[in-house]
1. Looking only at residues in segment 36-47 that are open to solvent by 10 Å² or more (accessible area, probe 1.4 Å) and touching a helix residue (DSSP H, G or I) at 6+ places or on another chain (Cβ under 9 Å), which one is nearest to Ala137 (Cα to Cα)?
2. Mind listing whichever residues of segment 238-255 are in contact with a Pro (Cβ under 6 Å, 6 or more places away or on another chain) and either farther than 21 Å from Val186 by Cα or without any contact (Cβ under 8 Å) to a residue 12 or more places away in the chain (or both)?
3. What tally of residues in segment 35-72 results from selecting those that are touching a strand residue (DSSP E or B) at 6+ places or on another chain (Cβ under 7 Å), more than 17 Å from Ser84 (Cβ to Cβ) and not hydrophobic (A, V, I, L, M, F, W, C)?
4. Of all residues being over 21 Å from the mean Cα position of the chain (by Cα), hydrophobic (A, V, I, L, M, F, W, C) and in a loop (DSSP other than H, G, I, E, B) in segment 281-303, which is surrounded by the fewest Cβ atoms within 10 Å (Cβ to Cβ)? Just the residue, please.
5. Among the numbered conditions (1) open to solvent by less than 20 Å² (accessible area, probe 1.4 Å); (2) small (Gly, Ala, Ser); (3) farther than 30 Å from Asp565 by Cβ, tell me where Ala518 comes up short.
6. Does Ala461 satisfy the criteria of being open to solvent by less than 10 Å² (accessible area, probe 1.4 Å), of a type in the set (Gly, Ala, Ser) and outside any loop (DSSP other than H, G, I, E, B)?
7. For segment 521-532, give me each residue that is open to solvent by 20 Å² or more (accessible area, probe 1.4 Å) and either free of Cβ contacts under 8 Å to residues at least 12 places away in the same chain or touching a Phe, Trp or Tyr at 6+ places or on another chain (Cβ under 9 Å) (or both).
Amino acid sequence: MDFLPTTRAELKAKGLSSVDFVLITGDAYVDHPAFGSALVARYLEKLGYTVGVIARPDPSDAQAFRALGQPRLAFLVTGGNIDSMVCKYTANKKSRSEDDYAPGGDPCLCRSEDGTLHKYSVNGKSANARPDRAVIAYAAKCREAFKGVPVAAGGLEASLRRLSHYDYLSDTVRKPIILDSKVDIVLYGMAELALAELSSRLDRAQKNGGDLRSPDLFRGIRGTLWRTSDLRFLPVDAIHLPGHEEVSAGKESFARSFALQYKNTDPGTARPLVEEAAGQYVVQEPPARPLTRPEMDAAYDMAFTREAHPVYKKAGGVPALQEVKFSITSSRGCYGACAFCALAFHQGRIVTGRSRESIVAEAKSLVGTNGFKGYIHDVGGPTANFRGPACDRQAKGSACVDRRCLAPEPCPSLKVSHRDYLELLRSLRSIPGVIKVFVRSGVRFDYVMADGDGAFLRELAQYHTSGQLKVAPEHVSDRVLGIMGKPPLKVYDAFAKRWAALNRELGLKQFLVPYFIASHPGATLDDAIMLAEYLRDSGFVPDQVQDFYPTPGTLASAMYHTGIDPMGGGPVYVAKGAQERSMQRALLQYSKPENRILVREALRLAGRSDLIGGGEKCLVR
């Protein structure tokens, strides 16, 4: 299998004069199943359509969007694997100097019409080639390149900005992306089923001489959004959200709207949502059902090259590929429901796992491939040790939206078992040519603790960890953990104790590397000091600390913007000022010399000068 065409020359080499779909992406072209663009393109190819990829085009040049000619059916636009604003800017709103999804990690590199790479520039100076709000920018260029061609938007950026949403970089509530981008339809979530239906409708209309931009083509597809100015077309069973003007002006209205959206993420019970904005009505159809296990197998059982396009070799390849090249996706969805995570809005809470046979076949295909040295870097998904539905209700295609499966304690209906995942890992490590199988995509430790068997944790330590196991307790204040949707601290402490004892028993020196978030909604300066003292007493000082980043589609971002818990209705403390956010971060790394001034200032402000000085309990001199 070779790459999909990216230029007219490559089209000609394949004996094609045009393609059915042209996919525009803000990332470099990597033909690997960990990259959404590759999954979508190969899926359409499997359905019998021809697809071309224009990756990271020059955002100022319409000719770059004409590289493959006019598509027969539509342009498909995505910002890339990550929201473009998150990819470009840090939580402190500073421009990032690197982009792992760009050629060579250089954010300034983009492609011309002929496929060659060049440095993007503005006013004669090199500039980031990934435009702000890439979906909006790319959609405009598609319309400029070929007027009248349908444009569909999908991927993470479009999915999480599908209705009125808080935009951290501008500190405003922006309109639904379908209006700002003027695309014909937005596909949200993991969009294979929606894409299959949309492509079928477009294909029939084109062959019958119909209007490919007729509104009738875009209505009624689950997992999509469309727009209309005609009240007659609104679904009769729709839930009407507060309008854009109302949620922009009132934080209570924003919180109420978010709660209604959150409670309509279950494909089994969701109804259409309608939001009025700028004189139009945006209609969100209910979520598409998750893929079945056979459908998941088929989606990943495609002949990916698992390589970056050869044009990037001189630039040094694509850094994001190196982390996942020899990794395997085993599942989708997550019922963890953490407040800071957008998975409930994107992949959904119902977990679907691929079959053992499909995953083993993919692993066997890695053996002997270029660069494979016997190490499978990861086997997992959003949460590695979730392999199937949480309970009987989820198994029937429906998920609770008014409670969490694991926090503050496991739901009585939760079915806890690592048996399927263990058998999968055992099968993989028995493949000739496989030396080691790592689990790196994250383990939900409270789920491990709820499993009385203990076999999984033992084998995880013995066979699937190399020196360090990364886990995410996120904080130590039980109040903050409750807001986050994480278990109480005692659960993590028990897990850490069991991990240490198990490694001593096995004669291994392996350590936990916990992740913590600074300035999450609900966390005060006192909470940050509590976390600093916990780190002091445990002897662990993190090399990296994650600043809370308010990204669209998360419960925590709604809290950050409104100061309200949308699900409970009560007030939530929010550290918004740059000074306090910096203090909370500095406290988590109190031993770093560059943080001493901020740590002293934070301790004095909180009335904790007792932690300043030469005593063994002091955080800073």
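The values are calculated or read from the model by the stated rules, or taken from the named source; none is laboratory data. The structure presented is a predicted model; accordingly, all values stated were derived computationally and were not measured. Neighbour counts are summed over all protein chains in view; Cβ atoms, including those assigned to glycine, are modelled from backbone coordinates with ideal geometry. The protein model used for the area step is the full one, side chains on, heavy atoms only, and it has no ligands, DNA or RNA in it. Shrake-Rupley method; radii C 1.70, N 1.55, O 1.52, S 1.80 Å.
1. Ser37
2. Within segment 238-255, Ser253, Ala255 qualify.
3. 4
4. Filtering first and then ranking leaves Ala303.
5. (3)
6. Values: open to solvent by less than 10 Å² (accessible area, probe 1.4 Å): yes; of a type in the set (Gly, Ala, Ser): yes; outside any loop (DSSP other than H, G, I, E, B): yes.
Yes.
7. Thr524
So that you can scan it fast, the table gives a plain yes or no per residue for (1) touching a strand residue (DSSP E or B) at 6+ places or on another chain (Cβ under 7 Å); (2) in a strand (DSSP E or B); (3) not hydroxyl-bearing (Ser, Thr, Tyr):
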residue	(1), (2), (3)
Phe372	no, no, yes
Arg387	yes, no, yes
Ala399	no, no, yes
Pro410	no, no, yes
Ile431	no, no, yes
Ser441	yes, no, no
Val448	no, no, yes
